[in-house]
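In what follows, a structure is listed as structure tokens, so that the remarks can point back to it.
Nothing in this text is a laboratory measurement; each read-out follows from the coordinates by a stated rule. What you are looking at is a predicted structure, and each value in this text was computed from that prediction instead of being measured. Positions of Cβ are backbone-derived with ideal geometry, glycine not excepted, and every protein chain shown enters the neighbour counts.
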Amino acid sequence: MARIIIAVILTTLIIVGSLWATPGDTIRSIPSPNRCPQGLTHDGKQLWCVDRLSDRIYAVDPSTGVVADSIPTPGYIPRGLAFDGRLLWVADAEEARLYAINPSSRIVEKTIPCPISEPTGLAWDNGRLWISGDGYDKIDLISIDDGTTIVSIPAPSAHTTSLAFDGTYLWTADRFGDKLFMVSSAKGDVVLILPSPGPFPCGLAWDGKNLWTVDYQTDRIYQHTLDDGTPYGRTKEKAEIVDFLHQVRNFGPDTVKTLDVYMAIPENLPNQDLQRTVAFEPAPTDFLTDKWGQKVAHFRFADLGPDKVTDVRMTIPAKMYETRFFVFPDKVGKLADIPRDIRDKYLVDDVKFDMTSPIITQAVQEAVGKETNPYWITRRILQYCVDNIEYERVGGWNVAPKVLERGTGSCSEYTFVYIAMCRAAGVPARYAGSLVVRSDD
């Protein structure tokens, strides 16, 4: 009988920032026009920023921060701000009303009731308004005729302080988490999460190309880069020495005549940079490459007697990162665009997947429906797994259809189901091993 022990030893902690620009990074910042900025919008030429201390809306040059004009607000706690192409819409949290102001004449041309008691954000969307509220877990699309709610989507947090609409996605800010969210306006799915440049983001604006935020605490307005072609961002660098030990102990009573040990060899990846060549002890018998292109160190031992132990150690000094990929669904290609060699490798069936099972076929139909965008196909399959499988940390690796039928599964079994459904839907998918950072680290 043999027992295998795998030990991972992590040492040395270093945390540093990202070393290159990524979506969300600040291009420039300018001072806000007053000390208590709130909503922000863009009229195609200049920024407009509403301030709750002065109860005024300021026209701001986005290049210099110079105030070109200011107009009074109808209420005394102005929050959200939006521009409809002619009028400025401002939400007042005290009056719970929305005002449409002509910036040229300074006349309030329209007033409608606000369906939310404490509105925070406004965004214009083709003749309608998106609106968010403090402590409100939804974002509503409302009519500008009477404030009637047309549709509601879930908010990414219960502390949405502002909104902007870029023509495809909604942008929201959360001052509690200091985060900016790019959200699908169809269902509220969060697509991207970016860090806020300040601790209290309270206004968002879209200028047709870039996102702007204004921060209540720093009293500054920030312009952000978005899709600059950077595929991912890396933060929280950790310099580690990973000591991977594979141990085999023969409990007897007979001798193990031959023993083969295989270790996958790590490579440089977006989430890790190896600092020097991987070291092995003892030296490998030879090096192999599996059918998926993974390089493997092979060790062969002979005549492992009773109560004897064989150790194989792999030591990897590496820098590892928290890595976030930036995927814009509207720029994702078609399934047919995926290279043939990738499809040949990662669309095939396997024992643990059983992709032709009626259970998998039905699950894919229910999850994907008529969706054709690869990004949303994978998101729908992920949500289907979340909704239909309950995690159980138990032994055993059942095949994907059995896991779905049972409704419970381990982490590996979750992976079997997800890969099986992705491949059955035409999306190449594979299993990748990794290390888990301790929760107390």
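A straight Cα-to-Cα reach below 17 Å connects LYS45 with the lysines LYS209, residues fewer than 8 places away in its own chain not being considered. Across region 138-150, coupling constants 3J(HN,Hα) worked out from phi with the 6.51/-1.76/1.60 Karplus curve, θ = phi - 60°, read 10, 10, 9, 9, 10, 7, 7, 6, 9, x, 5, 6, 8 Hz, and Gly and Pro carry x.
Counting only alpha carbon atoms, the long axis of helix 411-424 and the longest principal axis of the chain meet at about 70°. Highest mobility in the GNM of the chain, judged by mean-square fluctuation with C-alpha springs under 10 Å and restricted to ASP146, ASP350, ASP92, is found for ASP350. Gain on full extension, evaluated as 0.36 nm per residue between SER117 and SER104 minus their Cα-Cα distance, stands at 1.8 nm.
Helix 374-388 and the longest principal axis of the Cα set of the chain meet at an angle near 70°.
Less than 5 angstrom separates the built amide H of ILE27 from those of GLN223, HIS224, THR225, all sequence-distant by 5 or more or on a different chain.
Counting charges near ASP219 (Lys, Arg +1; Asp, Glu -1) among other residues having Cβ under 12 Å from its Cβ returns a value of 0. Amide H contacts under 5 Å for SER162: ALA173, restricted to partners 5 or more places along the chain or on a different chain, H placed in the peptide plane at 1.01 Å from N.
Per-residue Cβ neighbour counts within 10 Å put THR41, THR73 in the sequence THR73, THR41, beginning with the fewest.
Net length available on complete extension from SER439 to LYS187 is 87.5 nm, with 0.36 nm assigned per residue and the Cα-Cα distance removed. Among the listed pairs LYS238/LYS334; LYS179/LYS319; LYS319/LYS345; LYS179/LYS345, a Cα-Cα separation exceeding 32 Å is found for LYS238/LYS334; LYS179/LYS345. Across TRP130, TRP376, TRP397, mean-square fluctuation computed from a Gaussian network of the chain (C-alpha pairs under 10 Å connected) peaks at TRP397.
Highest mean packing first, where packing is the average number of other Cβ atoms within 10 Å per residue, the peptides 239-249, 322-332, 52-62 line up as 52-62, 239-249, 322-332. Calculated FRET efficiency, ASP145 to LYS45, Cβ-Cβ distance, R0 = 30 Å: about 0.60 to the nearest 0.05. When the Cα gyration tensor is reduced to axis lengths a ≥ b ≥ c, the ratio a/c is 1.5 or higher for region 329-424, and with a/b above b/c it is classed as prolate.
For ASP337 and GLU390, a Förster radius of 56 Å and the Cβ-Cβ distance give a FRET efficiency of 0.95, rounded to the nearest 0.05. Efficiency by 1/(1 + (r/R0)^6): what FRET value for TRP397 and ALA279, r their Cβ-Cβ distance, R0 = 30 Å, to the nearest 0.05? The value I calculate is 0.45.
Largest mean-square fluctuation among GLY395, GLY135, GLY167, in a Gaussian network model of the chain whose springs join Cα atoms under 10 Å apart, belongs to GLY395. Residues of region 399-424 falling in the label zone of THR323, defined by backbone nitrogen less than 19 Å from a point 7 Å along Cα to beta-carbon, are absent. The slack in the chain from ASP260 to PHE176, taken as 0.36 nm per residue of separation less the alpha-carbon distance, amounts to 24.9 nm. Residues within the reach of a label modelled at GLU366 (point 7 angstrom out along Cα to beta-carbon, backbone nitrogen below 19 Å), restricted to region 389-412, are 389-392, 399-410. Taking the Cα centre of the chain as origin and assigning +1 to Lys and Arg Cβ atoms and -1 to Asp and Glu Cβ atoms, the resulting dipole is close to 700 debye.
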